[in-house]
Amino acid sequence: MPSYLIAPSILSADFARLGDDVAKVLAAGADVVHFDVMDNHFVPNLTFGPMICESLRSYGITAPIDVHLMVKPVDSLVPSFAKAGADIITFHPEASDHIDRTLQLIKDNGCKAGLVLNPATPLHCLDFVMDKLDVILLMSVNPGFGGQSFIPTTLDKIRLVKEKIIASGRDIRLQVDGGVKASNIAEIAAAGADMFVAGSAIFSQPDYKVAIDDMRAELKK
Ligand code: DX5
Ligand code: ZN
């Protein structure tokens, strides 16, 4: 795996041509498919579920699929997404009554597991589960919609989480989601993030390769 991963959020893709659009963004150099699952209950929007994930697999998408669950409750969807071809499953601590159990459930289903922290969610829920985390996802917008602006206080939070990861001695990806674009990706990386979710910044561009190359160029500076 490269040290920096670009994960386009297919929330901003063309749903009527989803397979083609995902194949196109991967051909343009994306590393991971970020799959935003919203339930109109935990977050105020409604997207897609395991059947769409499975359809992408049968269409021939082989890249890692990173499922970001913005649903409550979480556990019943974990086996379905694992079966549908998810590689990574992340969820919000507020959405699970038993965080440790849900993380273990994800791992028992053969996927990498992660917690997602909203902008105002404190870091203490990470403390006793660091050994089960493969990914920590920091939301840099309030979840529910693409195209929002990056909340600047996230940069401090990234630094604090990066310290926690280093102190744990574990190989945990630090992912940032919301308002990420070529103009701010370098400072997000400098704060300690290594996996970048970007929806509108990629899918709103006529040429996805130009959008991804611009981000990688900023990461090399
Ligand atoms: C928001 C989602 C994000 C979102 C990112 O709830 O988790 O993945 O689609 O979109 P942009 O990059 O447009 O902010
Ligand atoms: Zn997301």
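Quickly rank 56-62, 153-159 as a protection proxy: mean count of other C-beta atoms within 10 Å, highest first. Please list the in-between numbers first.
Working: 56-62: 13.3, 153-159: 17.3.
Packing proxy ranking, top to bottom: 153-159, 56-62.
How big is the charge dipole of segment 57-123 about its Cα centre, in debye rounded to the nearest 20, if each Lys and Arg gets +1 on its Cβ and each Asp and Glu gets -1 on its Cβ? Don't skip to the end; give the middle numbers.
Working: 6 positive and 7 negative charges, 39 e Å.
Charge dipole, segment 57-123, about its Cα centre: 180 debye, nearest 20.
Can you give the alpha-carbon Rg of the chain over 2.2 N^0.38 Å, where N counts its residues? Please list the in-between numbers first.
Working: Rg = 15.9 Å, N = 221, 2.2 N^0.38 = 17.1 Å.
In units of the globular-protein estimate, the chain measures up at 0.93.
Straight-line reach from residue 220: which lysines fall under 23 Å, measuring Cα to Cα and dropping same-chain residues less than 8 apart?
157, 162, 181, 209
Each label point is 7 Å from the Cα along the Cα-to-Cβ direction; what then is the distance between the points at residue 94 and residue 210, in nm?
Here the answer is 3.8 nm between the modelled labels.
In straight Cα distance, which aspartates and glutamates are under 12 Å from residue 24, not counting same-chain residues fewer than 8 positions off?
Qualifying aspartates and glutamates at Cα under 12 Å: 14, 207.
If you find the alpha carbon centre of segment 85-156 and of segment 33-71, how far apart are they in angstrom?
Segment 85-156 and segment 33-71 have Cα centres separated by 15 Å.
Taking 8 Å as the Cα distance limit and 6 or more residues as the minimum spacing, I'd like the relative contact order of the chain as a percentage. Could the numbers behind the result be given before it?
Details: 424 pairs, mean separation 43.5, N = 221.
Value for the chain: 20 percent.
Taking 0.36 nm per intervening residue step and subtracting the Cα-Cα distance, what contour gain separates residue 124 from residue 51 on full extension? Before the final figure, lay out each step's value.
Values: separation 73, 0.36 × 73 = 26.28 nm, distance 3.42 nm.
In short, 22.9 nm is gained.
Each reported figure results from applying straightforward, stated rules to the coordinates on display, with no laboratory input. None of these values were measured; they are calculated from a predicted model. Every residue, glycine among them, receives a Cβ derived from its backbone with ideal geometry; neighbour counts consider all protein chains shown.
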